[in-house]
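Readers should treat all values here as calculations from the given coordinates under stated rules, not as data from a laboratory. Being a predicted model, the structure only gives us computed values, none of them experimental. Here the Cβ is made from the backbone with ideal geometry for all residues, glycine too, and neighbour counts use every protein chain on show.
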Amino acid sequence: MTPPPPVRPGGPGAQRALVWSFANTAFGKFGTLLISIVIARVLGPDEFGTYAVALVALAAVLSFNELGVSLAIVRWEGDPRRIAPTVATISVAASLAFFALAWAAAPSFAAAMGDAGAADVVRVMLVCVPINGLVAVPAALLQRDYQQGKRTIADQVNIWLGAGISVVLALLGWGAMSLAIGRLVASVVFAIMLIAFSPAPLRLGWDRSVVGPLLRFGLPLAGASIAVFAVGYADQIVVGSVLGARALGFYVLAFNLASWPVAILSQPLRAVAPAAFARIQGDPARMDRNFRAAYRLVLAVALPACAFLAGAAWPIVTFVYGEVWAPAALALQWLALQAIVRIVFELAYDFLAVKRRSATLMVIQGVWLVALLPALIAGALIDGIRGVAVAQFVVAVVILVAGYGWALARAGVRVGALVRATAVPLAGGAVAGGGSWLLAGAIASDLVAALSAGVVSLAIIGLLVWASRGSLALLRRAQTAGAEAVS
């Protein structure tokens, strides 16, 4: 196969793209936090639970709506413009078909989740599915070309426009529907911007010679993505169906807070990592070194950050959202710890996808789901939303250590070195979590307790990043060498 197209001299590289991605996610999550505080205080747990039901439905369909073929554009070793029209056709056709099926199933799904009245909100949210399918190719092309600056502009408009519309409608008494309408309108504008920013025009087409390779690449990933969704949302499905929509509202609020470190660290990295790994996939030793360096740096930040959320869960929830949301802290304590597992898992997932281990990923996700479902149901029946969060964490740790350790070893990663790289960040995370828990119990003011714990955790993150400066230098050298090799 022909080598990847060269990076344009002076064009954005992986390092610059990562900076843009991080800034994009940080600003976006900060804005989302502010808006979520307003929404949660205006709507309350019941209406927020209704929206959570619709969000689960949308996430379910989006996990496989384009059959996994868009990632082929990021990984394709030739000119991606050759396959782009065929990818667009598959993506649009599949998204429309799945949208129609989901529309018909919306009432039954809402009833099964404990809120039959959520069907209309679910259907409005589902309109985002064909929109997502339409822009799958422009989004993938922007990712491949490291055009994160343009993507940042589109993402910020998407976040703030949707949030603004949602807040206004919520204040006017539209309830959960305000969030669905805000999401839909913003998705339309976001799609228009991605198409305008795309490095190549959006065209539909059909090249029979690439259909087979695309489906062989994409379908296992789509299957793995369905399993990823099932693993990622099985807890919310269990909470809604077993405990009801109100409990789901508490749980989703806790899950969203726990997802902060995932969004700040994992999402920017995932916007760049597949393309960066793909460019060096012919050098297994270099891929191993870069993966381990990225792993250590991610843990240096993620472990203390997640431990802080777990240790100071109660003052964080009650100060930010109000006393009515206090039950969410029961789940946040464990979901914050599970977020560490999610961050590491997503980095490993992207690495293994570039290594063409799609079938292995699907098997791991299947085993994870089989183990997770009975544990979640038992947790819900025994201890409510806290029991569900505990089950999530325990099963995730077991599967990560066994399943992903085995898969990474087969892909050429020195797993023993990964384990050794975990020791120092793990110790730092334990200190951050223990310190946050002690401060939360000793200080009466929720604000002061949360801020004190946050300062301690930030100091620990700074020390861990300094201790990992060798890994950071390795990644910088690798990026410089990669840019010189293709210039």
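Contact order, relative form, for the range 343-439: 23 percent (alpha carbon pairs under 8 Å, 6 or more residues apart, mean separation divided by residue count). Checking every one of the trypsin sites (Lys or Arg not before Pro) in the range 165-254 against DSSP loop status and a limit of 15 other Cβ atoms within 10 Å picks out Arg203. Classify the range 338-463: rounded, prolate or oblate, from the alpha-carbon gyration tensor (a ≥ b ≥ c, eigenvalue square roots; a/c under 1.5 rounded; otherwise prolate if a/b is larger than b/c)? Because a/c hits 1.5 or more and a/b fails to exceed b/c, the range 338-463 counts as oblate. Neighbours of Met177, meaning other residues whose beta-carbon lies under 10 angstrom from its beta-carbon, give a summed charge of -2 when Lys and Arg score +1 and Asp and Glu score -1.
Taking the Cα centre of the range 73-144 as origin and assigning +1 to Lys and Arg Cβ atoms and -1 to Asp and Glu Cβ atoms, the resulting dipole is close to 280 debye. Taking a Cβ cut-off of under 12 Å around Phe250, the surrounding Lys, Arg, Asp and Glu residues balance to a net charge of +1, with basic ones at +1 and acidic ones at -1. Our note on the geometry: Cα centres of the range 299-315 and the range 168-189, 32 Å apart.
Leu126 sits among other residues whose Cβ lies under 13 Å from its own Cβ, and their net charge, with Lys and Arg +1 and Asp and Glu -1, is +1.
Where the centroid of each part is defined by its Cα atoms, how far is the range 34-52 from the range 359-437 in Å? Taking the Cα centre of the range 359-437 as reference, the centre of the range 34-52 is 30 Å away.
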